[in-house]
Amino acid sequence: MDVKRVKDYLYWLYYQYQLVTCSYVLEPWEQSMFHTITVTVVAMVVYTAYVFVPIHVRLALEFFSQIFGAQPESAA
């Protein structure tokens, strides 16, 4: 893959992000604060999903396996 094409694509994605969030109209210090808050919120959502989604999926599978009559696994 061509490095220039990847660079252009990443620049295009960043430009789309600025258009969607309207952050291109902000002053530079406002942009940095906005990007910092956005990255922080996205990081917290990803971390929360990483920690809690597997637990809830496991509990849901156990719940539905009990409802549909599967035998519980032995603890031996």
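Read the figures in this text as sums done on the coordinates, not as results from a lab. Keep in mind it's a predicted model, so treat the numbers as computed, not measured.
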Next on the checklist: Run lengths n ≥ 4 of DSSP H only: what is the helix-derived mean residue ellipticity at 222 nm for the chain, with -39500 (n - 2.57) per run over all residues, to the nearest 500?
Outcome noted: -28000 deg cm²/dmol
Checklist entry - Between Val39 and Leu19, what length in nm is gained on full extension when 0.36 nm per residue of separation is reduced by their alpha carbon distance? => result 5.5 nm
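What do you get when you divide the Cα radius of gyration of the chain by 2.2 N^0.38 Å, with N the number of residues?
My calculation over the Cα atoms of the chain gives 1.94.
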Checklist entry - In sequence order, what are the phi-derived ³J(HN,Hα) couplings for segment 11-27 according to the Karplus relation 6.51 cos²θ - 1.76 cosθ + 1.60 with θ = phi - 60°, rounded to whole Hz, with x for glycine and proline? => result 5, 4, 4, 5, 5, 4, 4, 5, 5, 5, 8, 6, 7, 5, 8, 7, 6
Checklist entry - Hey, what angle do you get for helix 28-67 against the long axis of the chain, alpha-carbon based, 0 to 90 degrees rounded to 10? => result 10
